[in-house]
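Encoded as C-alpha cells, the structure appears first; notes follow it.
The values are calculated or read from the model by the stated rules, or taken from the named source; none is laboratory data. From a predicted model like this one, the values you see are computed outputs, not experimental measurements. FYI the Cβ positions are ideal-geometry reconstructions off the backbone, even for glycines, and counts take in every protein chain you see. Areas reflect the complete protein model, heavy atoms only, side chains present, ligands, DNA and RNA absent. Shrake-Rupley method; radii C 1.70, N 1.55, O 1.52, S 1.80 Å.
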Protein chains: 2
Amino acid sequence: MARVMNFNAGPSALPLDALERAQAELLDLNGSGMSVLEHSHRGKVYEAVHNEAVSLVKELLSVPDNYDILFLQGGASQQFAVVPMNLIQAGKSADYVLTGTWSKKAHGEAKGLGTVRVAATTEKDAKFQRIPKQSELELDPNACYAHITSNNTIFGTQWQTFPEVGNVPLVADMSSDIMWRPTDVSKFGLIYAGAQKNLGPSGVTLVIVRKDLVEGGRKDIPKIFQYRTHAAENSLYNTPPTFGIYLLRNVLAVSKQKGGLSAMEQYNRKKAGLLYAAIDSRPDFYRCPVERDSRSTMNVVFNLPTPELEAEFIAESQKKGMVGLKGHRSVGGVRASIYNACEMGWIEGLVEFMGSFKKGA
Amino acid sequence: MARVMNFNAGPSALPLDALERAQAELLDLNGSGMSVLEHSHRGKVYEAVHNEAVSLVKELLSVPDNYDILFLQGGASQQFAVVPMNLIQAGKSADYVLTGTWSKKAHGEAKGLGTVRVAATTEKDAKFQRIPKQSELELDPNACYAHITSNNTIFGTQWQTFPEVGNVPLVADMSSDIMWRPTDVSKFGLIYAGAQKNLGPSGVTLVIVRKDLVEGGRKDIPKIFQYRTHAAENSLYNTPPTFGIYLLRNVLAVSKQKGGLSAMEQYNRKKAGLLYAAIDSRPDFYRCPVERDSRSTMNVVFNLPTPELEAEFIAESQKKGMVGLKGHRSVGGVRASIYNACEMGWIEGLVEFMGSFKKGA
C-alpha cells in the first residue's frame, strides 16, 4: 500500500530516509555480518552508533559542555518519578506549572515523592486552552526546580517563550516538541523527552541534564534511577535499547542533513501556518479552541460545528489516506499531529480536504 | 558480508526468520501504509501485534491464568529495584541466593529498599563455579520472596532443578535462559527477563507475575513502578517499546513454528552437549571451571592452558567468522553464548575449530 498521510500523536511518522536506511542494513550493519539488533552494546560497531547519536544531539541542540546526554528507558512517564526522586532534596520542594494532562501526571507522581507546589495552572479559568503568562507564575525562589511541559499534545498548546525562573533549575518535559526548532539549552537544568515524536521510536528517553544537578542528586534512591549512574557510564551502565538509539541516530542524521534545527523550524512553521490558516479561513465551520498566542506548532486541534460533523470529517479523511486525525478521547474534536517528520505534502492534502469538506452543502 | 557465527552474550543472535520478517515489512506493516514504528500504540494494527506477543508467551510457557504477563522497560537491572519496591512489605524481609555477578547486583539494589537476607552464596567456597544445593539454603519461611538468578552468564552456571522454597514466592531473574525449555511457571511468584537473549531485542523486559502479588504489592511507591499499574492496562499504561514487542512477537512465532519449548530444549541440549564434549575430549588443553552438575546450557565457559593461548584462540576464531567468544572481562577465558537462536552449524564450526586449534603443535 502507498504511504499514508500519518497524523498520529505518537508513536508517529518517522522520516522515510531513516526507515529506509534501517531496512537496508537490518540484516547486516556496516558489513559486520549481523544485525544492529544482534550486536553487543559493548562492541565497537554499536559503540560508534551510540556515540554518533550522542554527538548529533549535542550538535543539533548546541548542548553546552556542562550537560550530560543520557539515553534511558521508561518514557516521560518514568521521568515523572525519576526527576523528583533525584532532585527534590529533603526539606525542600519543587514547583509545577500545570498546562494539561501530562503536566498533571508529572505533578501527581511527584506528590508522592516530596513536597510539591503548583506555581500556576490554566485548568480552571481556561480549560488548559492557553499557556500561563509570566506574571501568573507564583514561583518559589527556593524550589529545587520548576517543571513545565513545553508542548501539550492533547490541548494543542505550546510555550512560545520559556518562563523566567531566576536561579531555580527549569525542568521541561519536551517529549512532543524537542528539536522542533533551535533551543537555548543553557536556560534549562534538565530536559527530558520520550523519543516517539521528533526523535525516533518509543522505548528511548532522552535526558539532557546539567552536570551539577547530576552530581548533587540524591543518593538514597536505587542506583538504577540515579542520573549519576548513567552519566558515569555514557548510558551503558546496563544494556540500553540499542535498536531504538540506532534509529534515533538515523532520524537525527536526517535532521542534520536537511539543514539542522533552523531549517526544521522554518519547515514546521510553514506547515503549522498552512493548517491554522485553513482553520481560520472558514471561521463559521472550523474553530481552534486554543488562544492564538498559545497555539502549538506540533499538535493542531480544532472543532467542527457538531460532534457528528467531526466524526464524518474523520471518517472521510481516512478514505483519502489520512490517519490519526481523531482528537484525544478526553477532549474529542480533530487533532493533526504534525511533528518534524510530517511531510508538507500531507499538510497540503489535509488543507485541500478541509477546504472542500461540506463546502457545497 | 556473510552472516557470522554469533556467540555474543547479549544482545545476541536472533532467528534469521524473525529478522527477515521485520525487514520485509519495515516500511509497511500488513498493508497499513506505515511502519510498525509509526503506528499508534492505541491503534488496532499495533494492538493485534501486542496481544499476539502476550498470547505467545502464555502459550509457549503454559502460563496459568492467575498470572499477569507484562512488557516493561529498563531491563533486569531496573527489576532489581522494582521487585523489592513492590514486594518487600514493611517489617518483613526478602531472601537472596547469590550465584554470580547479577544476583549480587540484584541483592545490592534490594538492600537499599528493605531488609534482605542472603540465603546462600557459593562465592567464597567455589568462586561462583557451582549452584548451591537445596541443603545449603537457609531460607526464611516468612520472607516476602526468595530470589534466584536461573542462569549466570558470566560464570556459566545454571540451576538444573529449581529450589524448593515452601510457601514463599520464588522470584527468578531468567534473563539469560527464559524459554530455553518448558518451565513450570506455577512454581514461581514472579519471573522477569530482559529480552535480549532468548526473546528479542534489548529494551523490552518480560515480567510474569502471580496476580495475588500484583494485588498485594505496595502502594506507597511511584505509580509507574507498581506492577498493578501495568497489569490493569495490559502494559499500555504508557507508550510501550512497540518495535521491541513487535520483534519479540516475531521471535516467539519462530519458536512456536519450530515446535515450541520441548523442541527448543532438545536443540539446546544437543548444542551444549556437543560443545562440552569438545571441551572434555581434550582435558589437557581445555578446561571448564564449572562443576559438572551446574554447567549452563546457555553460556559455555572454558579455559586454555594460558591467557596467551586464550587470546590467540579468540583472535583465530574471529578470522574464521566467529564473534563474541571472549570471556567476560571480570573472569577472562573463553565463553560461547549459545542461546535459542544460536545455530547448530555455528556450534559445529566452533567444535571443529576447537578440535584443530594447536592440535599439531
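Odds and ends about this structure:
- Links that overshoot a 27 Å alpha carbon limit, given the list A:LYS124/B:LYS223; A:LYS44/B:LYS359; B:LYS92/B:LYS197: A:LYS44/B:LYS359; B:LYS92/B:LYS197
- Cα-based Rg of segment A:1-102 normalised by 2.2 N^0.38 Å, two decimals: 1.48
- Relative contact order for chain B, counting Cα pairs under 8 Å that sit 6 or more residues apart, in percent: 23
- Descending principal axes extents, segment A:239-280, alpha-carbon based, whole Å: 49, 21, 9
- Once the 1.4 Å probe is applied to the protein heavy atoms, segment A:243-355 comes out at 42 Å² accessible per residue.
- Highest-first arrangement of B:46-56, B:203-213, where packing means the average Cβ count within 10 Å: B:203-213, B:46-56
- Working from label points 7 Å from Cα in the Cα-to-Cβ sense, the B:GLU20 to A:GLU59 distance is 3.6 nm.
- Listed values for segment B:211-219 are Karplus-derived 3J(HN,Hα) couplings in whole Hz (6.51 cos²θ - 1.76 cosθ + 1.60, θ = phi - 60°), namely 4, 5, 6, 4, 5, x, x, 4, 10, and x replaces Gly and Pro.
- Distances, shortest first, from the label point of A:ARG42 to those at the same position in the other copies read 4.2 nm; the point lies 7 Å along Cα to C-beta.
- Whole-Å distance, taken between Cα centres, linking segment B:186-207 and segment B:240-284: 15
- Partner chain coverage, peptide A:27-33 - average Cβ within 10 angstrom: 4
- Translational diffusion coefficient (Stokes-Einstein; Kirkwood radius from C-alpha pairs) of the protein assembly as shown at 20 °C, 1.002 mPa s, in µm²/s: 80
- If a spin label sat at a point 7 angstrom from the Cα of B:ASP293 along the line to its beta carbon, the backbone N atoms of segment B:157-178 nearer than 19 Å would be those of B:157-165.
- The mean number of partner chain beta-carbon atoms within 10 angstrom of a residue's beta-carbon across peptide B:79-91 is 1.
- Peptides A:29-41, B:162-174 ranked from most to least packed, by the mean per-residue count of other Cβ atoms within 10 Å: A:29-41, B:162-174.
- Put the Cα centre of segment A:33-62 next to the Cα centre of segment B:313-340 and the gap is 22 Å.
- Pairing chains B and A buries close to 4500 square angstrom of accessible surface in total, based on protein heavy atoms and a 1.4 angstrom probe.
- Of all aspartates and glutamates in the structure, those lying under 13 Å Cα to Cα from A:LYS58, and not within fewer than 8 positions of it along the same chain, are A:ASP68, A:ASP184.
- The calculated P(r) of segment B:215-312, using every Cα pair and 5 Å bins from 0, goes 2, 10, 12, 11, 10, 9, 11, 13, 10, 6, 5, 0 in percent.
- If you bin all the Cα-Cα distances of segment B:84-231 at 10 Å, starting from zero, the percentages per bin are 11, 42, 38, 9, 0.
- Spherically averaged projected area of chain B from its Cα convex hull (nm²): 18.5
- Computed over segment A:148-204, the ratio Rg/Rh where both radii use C-alpha atoms and Rh is Kirkwood: 0.96
- The Kirkwood radius of segment B:90-168, taken over pairs of alpha-carbon atoms, gives through the Stokes-Einstein law at 4 °C and 1.567 mPa s a diffusion coefficient of 102 µm² s⁻¹.
- Per residue of peptide B:207-216, the mean number of Cβ atoms on other chains within 10 Å of the residue Cβ is 0.
- Reduction of at least 10 Å² in accessible surface, 1.4 Å probe, comparing all protein chains with the chain by itself, residues of segment B:39-66: B:HIS39, B:SER40, B:HIS41, B:ARG42
- For segment B:74-205, the solvent-accessible area works out to 32 Å² per residue, with a probe of 1.4 Å and every protein chain left in place.
- Listed by chain and number, the lysines whose alpha-carbon sits under 18 Å from that of A:LYS127, ignoring those within fewer than 8 places in the same chain, are A:LYS104, A:LYS105.
- Cα-based shape type of segment A:159-265, given that a ≥ b ≥ c are square roots of the gyration tensor eigenvalues and the cut on a/c is 1.5: oblate
- Carbon plus sulfur fraction of accessible area for the protein assembly as shown, probe 1.4 Å, in percent: 50
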